[in-house]
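In what follows, a structure is listed as structure tokens, so that the remarks can point back to it.
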Amino acid sequence: MITHILTRYSVFLVLVLIFLGFETKATQNDSLSFTLQQSTQDKTGFPVLGVKGDTIFFVYTRLGASTPQERSQNISSKIQRIFDKENFKMDSLLIVEGENSIDLIYGDLIITSITTEEATLQNMEMVDLTKELKDRISVSILEAKEEQKFFMVLIRSLLVLLVLGIATLLYWLLGLSNTKVLNYLSVHKDRWLKNLAYKEYTFLTADQELQMILLTLKIIRAFLYVLLFYFTLSIAFSIFPFTRGWADRLFQLVWSPFTSIFLAVWVYLPNLFTIVVIVFVMSYFIRFVKYIFKEIDAEKLHVSGFHADWAMPTYSIVRFLLYAFMFVLIFPYLPGSDSNIFKGVSVFIGVLFSLGSSSAIANMVAGLVITYMRPFKIGDRIKIGDITGEVMEKTLLVTRVKTHKNEEITIPNSSVLNGNTTNYSTLARTEGLIIHSTVTIGYDAPWKDVHQALIDAALRTEKIMEEPQPFVLQTGLEDFYVSYQINAYTRESNLLPKVYSELHQHIQDSFFEKGIEILSPHYRAARDGNMTTIPANYLPKDYQVPSFSLKMDKEEEK
């Protein structure tokens with residue numbers, strides 16, 4: 001039963017469609033017949049079709065080399081082009097009168113030209129015929145757009161949804177891929193990631209490599225997200241006509257900086273090539289200069305009046321001057337070097353450097369003076385003010401000294417230049433350094449014995465030279481004692497604390513062996529009845545402590 005009803009209903013629909021088709025065809029034929037009746041009996045018109053396929057008007061006459069058929073096809077294609085443009089405005093369809101014809105223009109496009117012959121065939125004036133054609137074309141385009149409007153909005157909305165759906169899918173795929181990569185790295189990191197090391201030095205551990213890979217993945221993921229977001233907005237905005245300008249503007253905002261950068265780099269390439277050539281030539285010239293100074297430093301090349309230890313400091317100065325000269329050559333080729341802003345910033349930096357580095361410049365100048373004065377070298381034992389130690393480093397700014405207590409002291413070069421410097425090593429290598437120590441002995445000890453005891457103590461000391469021989473100076477005859485100064489030569493200036501300590505030990509041993517007491521300044525003693533200060537192992541075995549001897553004189557009482 002249901003099948004029978006559906007069959008009868010389908011037949012009814014087919015009949016209705018056939019009837020409507022015949023009715024439409026009849027209507028079109030009536031309209032065409034009505035239009036043809038307006039033409040002359042000996043002229044055949046060719047229809048100009050609208051966007052929907054409807055006949056707007058007929059063309060009967062030639063125009064130049066174009067036949068009526070060619071003209072009608074040409075006008076139909078122009079109408080289609082106008083329809084394809086967004087935001088059609090009827091006011092933009094203009095009538096422009098010429099000498100022998102009237103043109104119908106839309107923008108810079110001439111749709112058709114109406115001649116006197118064509119107006120005569122239509123039994124109308126040229127202006128009236130042009131206005132009528134303008135109205136027909138406008139109505140045809142507006143009706144087609146009105147019919148298409150809802151359909152296009154629907155299609156465009158579906159396209160926007162499609163774009164958003166694809167973008168969502170891509171975002172999901174990116175997140176899924178990132179998760180899988182992270183899981184893969186966490187599972188197989190021990191197999192794929194090893195410590196990056198050379199001999200005993202480890203550049204990167206496996207954990208550090210993993211962190212670097214994760215950071216790189218985050219950067220790539222963020223870049224892809226931003227790129228996908230940008231393209232999603234651009235495509236979505238370009239679908240609707242009223243937002244198409246937003247897409248173009250967004251594209252320009254992103255692409256214009258890159259275009260400017262690429263163009264600037266392309267224009268700057270000749271200058272960049274010049275800079276590369278200057279740097280290349282100057283670098284090899286500096287290498288040649290370094291080779292010369294290294295030869296001087298190694299004493300393979302001798303220059304009269306130029307000391308070998310001046311070589312590398314002088315090379316540093318020459319290298320600085322060469323780099324400055326290279327910068328002067330490069331400066332005109334730097335981008336923006338001729339702009340006032342660049343010049344202003346350069347002057348500002350120069351002023352800041354001048355004001356903030358006065359002490360540093362003073363130390364650098366002092367370092368240069370010290371270099372060419374040669375008051376000391378690396379490894380020398382010196383004394384600057386109250387600081388005594390071995391020179392570890394000598395730069396343009398500071399001098400570093402290591403004391404015998406393993407203390408590293410940094411002294412500004414300006415302080416070195418302004419003070420006195422004592423160098424213990426310069427003459428110690430050739431003539432020997434004279435070390436000296438003073439003892440005070442009472443007047444009861446023969447000076448010759450004291451001299452011999454001091455000389456013997458010096459000769460027992462390991463680092464003291466036998467030639468020239470040690471000698472003694474009596475530096476003072478005080479109220480209670482005589483000052484004796486032992487002087488001896490040594491080449492070990494860096495071992496002075498140890499040499500002095502050993503010398504003092506031997507002085508004690510030598511004096512005790514000779515039975516000489518070392519008395520402190522202002523020391524007073526009543527000799528009778530006092531134990532001598534000489535150690536017991538140096539005294540004779542039969543030594544006895546003297547007793548007090550008292551003598552009393554009594555006068556007889558009268």
- Note down the accessible area of Lys498, probe 1.4 Å, to the nearest 10 Å². 130
- Message: For region 224-316, what does the relative contact order come out to in percent, with C-alpha contacts under 8 Å and a separation of six or more?
- Response: 13
- Note on the structure: In the structure shown, of Lys52/Lys134; Lys394/Lys498; Lys78/Lys145; Lys402/Lys498; Lys290/Lys377; Lys300/Lys383, the pairs separated by more than 23 angstrom at the C-alpha atoms are Lys394/Lys498; Lys300/Lys383
- Task: Return the calculated 222 nm mean residue ellipticity for the chain, to the nearest 500 deg cm²/dmol, obtained by summing -39500 (n - 2.57) across DSSP H runs with n ≥ 4 and dividing by the residue count.
- Result: -19500 deg cm²/dmol
- Item | Gap separating the Cα centres of region 76-119 and region 313-352, nearest whole Å | 66
- Provide the solvent-accessible area of Leu174, counting protein heavy atoms only and rolling a 1.4 Å probe, rounded to the nearest 10 Å². 50
- Item | For the chain, accessible area per residue (1.4 Å probe, heavy atoms of protein chains only), Å² | 69
- Treat every Asp and Glu Cβ in region 63-183 as -1 and every Lys and Arg Cβ as +1, leave all other atoms uncharged, and give the resulting dipole magnitude about the Cα centre to the nearest 20 debye. 1060
- Query: Based on the alpha carbon coordinates of the chain, what radius of gyration and maximum Cα-Cα distance (Dmax) apply, in Å?
  - Reply: 56.0, 201
- Task: Pick out, from Leu185, Leu263, Thr371, the residue whose Cα sits farthest towards the positive end of the charge dipole of the chain, with +1 on the Cβ of Lys and Arg and -1 on the Cβ of Asp and Glu.
- Result: Leu185
- Task: State, in angstrom, two size descriptors of region 205-300 derived from its alpha carbons: Rg to one decimal place and Dmax to the nearest whole number.
- Result: 25.6, 83
- Message: Name the residue from Leu417, Ser238, Ile507 whose Cα lies farthest towards the positive end of the charge dipole of the chain, charges +1 on Cβ of Lys and Arg and -1 on Cβ of Asp and Glu.
- Response: Ser238
- Message: Tell me the accessible surface of Ile384 in square angstrom (1.4 angstrom probe, heavy atoms of protein chains only), to the nearest ten.
- Response: 20
- Task: Counting only C-alpha contacts under 8 Å and six or more residues apart, can you give the relative contact order of region 51-195 as a whole percent?
- Result: 17
- Task: Please report the Cα spread of region 373-465 along all three principal axes, rounded to whole Å, starting with the longest.
- Result: 56, 26, 26
- Report, to two decimal places, the Cα Rg of region 261-410 normalised by 2.2 N^0.38 Å (N = number of residues). 1.43
- In percent, how large is the relative contact order of the chain, given Cα pairs closer than 8 Å and 6 or more residues apart? 5
- Note on the structure: Rg (one decimal) and Dmax (whole number) from the Cα set of region 127-248, in Å, equal 27.8, 99
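The values are calculated or read from the model by the stated rules, or taken from the named source; none is laboratory data. As the structure is a prediction and not an experimental result, all values here were calculated from the model. Heads up, the Cβs are rebuilt from the backbone with ideal geometry, glycines too, and the neighbour counts pull from every protein chain shown. Only protein heavy atoms, including side chains, enter the accessible area calculation; ligands, DNA and RNA are left aside. Shrake-Rupley method; radii C 1.70, N 1.55, O 1.52, S 1.80 Å.
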